[in-house]
Amino acid sequence: MTTDRRRFLKGAGLAAAAASVPLPAPDLDFSGRFDRYQWLVGDHHTHSQYSYDAMYRIDDIARGGRAHGADWIVFTDHGHAEHEKVSVEPTEADFLAARRKYPDLLLWHGMEWNVPGAEHATVFFQAGSEQAAKLREFERAFDWRLTNSEASNPANEALALRALRWLAAEEQAKRLHAPVVLINHPLRNGRVAPHELRAYRDAAPGIVIGMEGAPGAQADGFPKPLGNGGARGGYVNNPGPNSWPGYPAEAYRTHGGWDWATAKVGGLWDSLLAEGKPWWITTNSDSHYNRGDTLVRPDVPGDWYDTTGKFPDPIDSGVPQLAAPYADFYPGEFSRTYVGVTRRSLEGVLDGLRAGRIWLTHGGLVQELEVGVSGGGSSVTLGGRLRVRRGSDVTVVVRARLASRPNGGGSVPRLARLDVVAGPVTGPAADRDAMTAPGTRVVESFEPRWAPGRQVVFRHTFRNVRSPFYVRVRGSNGDAEPTPDVIGQANPFEDLWMYANPVFVDLC
């Protein structure tokens, strides 16, 4: 164990861990504790012909996602004046038709909210026959495109908080059910400050559940001539007039495809977790135009959407589009958000999302993942809280199924390392713009022996726990730390990562 890791363990009140070694699967009993969940693949961020910058029919997204293994999908067209005016009800009709046509898919009609004073967020809920009306009501009152509230200033930030409290009040009044908000591509433009993330979370606990750990549009980084030569996730920006000035230049780039807020150990995500409050991460497609698809949008006048609120149905060109605008993937094709459910239903997925039973992977790096944390006779999994007596031992068990089939890049990905990351829970941040967690470290790394489809199991024990902490797991196909993606040279299949949401360990 390195000196730095010993310092972390001592500073967090944790004694040095026992030697962490791979264990054969039979030595660990997951039955009835960690493996009782069914893990469903989904996507909470997609766009259709009802968005001003996309082309697909709702049916195309559902069919494409289903073909790539998605179990649940949220349709999230952009807030826009013409969208609010004429697009909400037609979208709802197409959404209901997709539900009837694909009964094995769990589908929601939501929206991508232009957050006042910030950028974008997924919003979805259930409102039965009033779904379209409630979405329109929210969009009309709180979307910055309709309320002239884009600028980053205190008044617009306050409007965003009123929107979140509106969702909470509508849920309490039973006019809508189970609203969920996730902050999309949080640092793409640097327009959502750390204090805003904390304010969203605290204004509507259980509704604002987290953020995209990795953005969609991962295919935009494929080098030319077989791609756009752009940036993974569209993270090609620099600070602008509405950007929070505290972000460094590296925050405007993805790192191994992941937002800097997530990728940097001891960074912004960890600073939120160090407060001991839930803040989950997801990934998604942000599907607009999917790389390799033969569908294209018909040529139309430049003001077409602004006068109709919908683009014509796409046509089949018969030619794979390798340099499509935004260069996304279909739901489930590259970015996968796995949610642990006790029942395959809308409610089951909502329960899993809110509970943080979520792990994420790019490019099929891992086929299956289970994480269990045990101590004091109890066990929890991702998103859980384990309560133990001071001085107890806490053991983290990681079980992964390695990839066994080629991904969209044409090869079987190889998991090269798994990391256990842990940090002390220090309570609410005195500085609401804090974006570092100095006590967080990679406390142990494992290099699994690779064979297609092989199951690997590892264990790490924290001994004599003296203070509360959290622990999370990540993995990669090579690099020890995520590195900034180079614009124009970022084939997403060459740099793959997976992340799991944390477990909190509290003392009683």
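The values are calculated or read from the model by the stated rules, or taken from the named source; none is laboratory data. Quantities reported herein were computed from a predicted structural model and do not represent experimental measurements. Methodologically, a virtual Cβ is constructed for each residue, glycine included, from the backbone with ideal geometry; neighbour enumeration extends over all protein chains shown. In case anyone asks, the SASA skips ligands and DNA or RNA and just uses the protein heavy atoms, side chains included. Shrake-Rupley method; radii C 1.70, N 1.55, O 1.52, S 1.80 Å.
Partners of residue 101 within straight-line reach, counting lysines whose Cα lies under 23 Å from its Cα and excluding those fewer than 8 residues away in the same chain: 310.
Calculate, for the chain, the solvent-accessible area per residue in square angstrom, rolling a 1.4 angstrom probe over the heavy atoms of the protein chains. Intermediate results must be reported in sequence, preceding the final value.
On the way: 18450 Å² over 508 residues.
I get 36 Å² per residue for this part.
Comparing Cα centroids, segment 443-508 and segment 149-194 end up 31 angstrom apart.
Each peptide in 196-205, 48-57 receives the mean, over its residues, of other Cβ atoms within 10 Å, and ordering these scores from highest gives 48-57, 196-205.
Assuming a ≥ b ≥ c are the square roots of the Cα gyration tensor eigenvalues, decide whether segment 62-129 counts as rounded (a/c under 1.5), prolate (otherwise, with a/b larger than b/c) or oblate. In terms of gyration-tensor shape, prolate.
Taken along the Cα-to-beta-carbon direction at a fixed 7 Å, the label points for residue 342 and residue 141 span 3.3 nm. Secondary structure note: in the chain, about 75% of the DSSP beta bridges are antiparallel. A straight Cα-to-Cα reach below 14 Å connects residue 277 with the aspartates and glutamates 202, 506, residues fewer than 8 places away in its own chain not being considered. Solvent-accessible area of segment 53-123 (1.4 angstrom probe, protein heavy atoms only): carbon and sulfur portion equals 54 percent. Reported to the nearest whole Å, the Cα centre-to-centre distance from segment 79-136 to segment 403-424 is 34.
Quick check: the distance between the Cα centres of segment 320-337 and segment 238-266, to the nearest angstrom? Comparing the Cα centres of segment 320-337 and segment 238-266, I get a distance of 23 Å.
Between residue 404 and residue 479, take the C-beta separation as r, use R0 = 30 Å, and let me know the FRET efficiency to the nearest 0.05. That pair, residue 404 with residue 479, gives E of 0.85. From most to least packed by mean Cβ count within 10 Å, the peptides 487-495, 299-307, 350-358 give 350-358, 487-495, 299-307.
Considering only 238, 111, 476, and ranking their Cα positions along the charge dipole of the chain that arises from unit charges at the beta-carbon of Lys, Arg, Asp and Glu, the one farthest toward the positive end is 476.
Legend: calculated FRET efficiency, residue 450 to residue 486, from the Cβ-Cβ distance at R0 = 35 Å, rounded to 0.05, equals 0.85.
If I fit a long axis through the Cα atoms of helix 346-355 and take the longest principal axis of the Cα atoms of the chain, what angle between them do I get, 0 to 90°, rounded to 10? For 346-355 against the chain, the angle is about 50 degrees.
The listed peptides 471-481, 331-341, 124-134, ordered by packing as a protection proxy, come out as 331-341, 471-481, 124-134 (highest mean of other Cβ atoms within 10 Å first).
Here's the picture: charge each Lys and Arg Cβ at +1 and each Asp and Glu Cβ at -1 in the chain, and of 359, 384, 435 the one pushed furthest to the positive end of that dipole is 384. Of all lysines in the structure, the ones whose alpha carbon falls short of 21 Å from that of residue 174, not counting any fewer than 8 places away in one chain, are 134. Placing unit charges on the Cβ atoms only, positive for Lys and Arg and negative for Asp and Glu, gives the chain a dipole magnitude near 2160 debye about its Cα centre.
The label point for residue 387 and the one for residue 431, both projected 7 Å from the Cα toward the Cβ, are 3.4 nm apart. Modelled this way, with points 7 Å down the Cα-to-C-beta line, the labels at residue 168 and residue 317 are 4.8 nm from one another.
Is it possible to state the helix-based mean residue ellipticity at 222 nm for the chain, with each DSSP H run of 4+ residues giving -39500 (n - 2.57), the sum divided by total residues, to the nearest 500 deg cm²/dmol? What is it? It would help to have the intermediate numbers written out before the result.
Values: 11 runs with 103 residues, N = 508.
Value at 222 nm, helices only: -6000 deg cm²/dmol.
Which shape class applies to segment 386-439: rounded if a/c is under 1.5, otherwise prolate when a/b exceeds b/c and oblate if not, where a ≥ b ≥ c are the square roots of the Cα gyration tensor eigenvalues? Because a/c hits 1.5 or more and a/b fails to exceed b/c, segment 386-439 counts as oblate.
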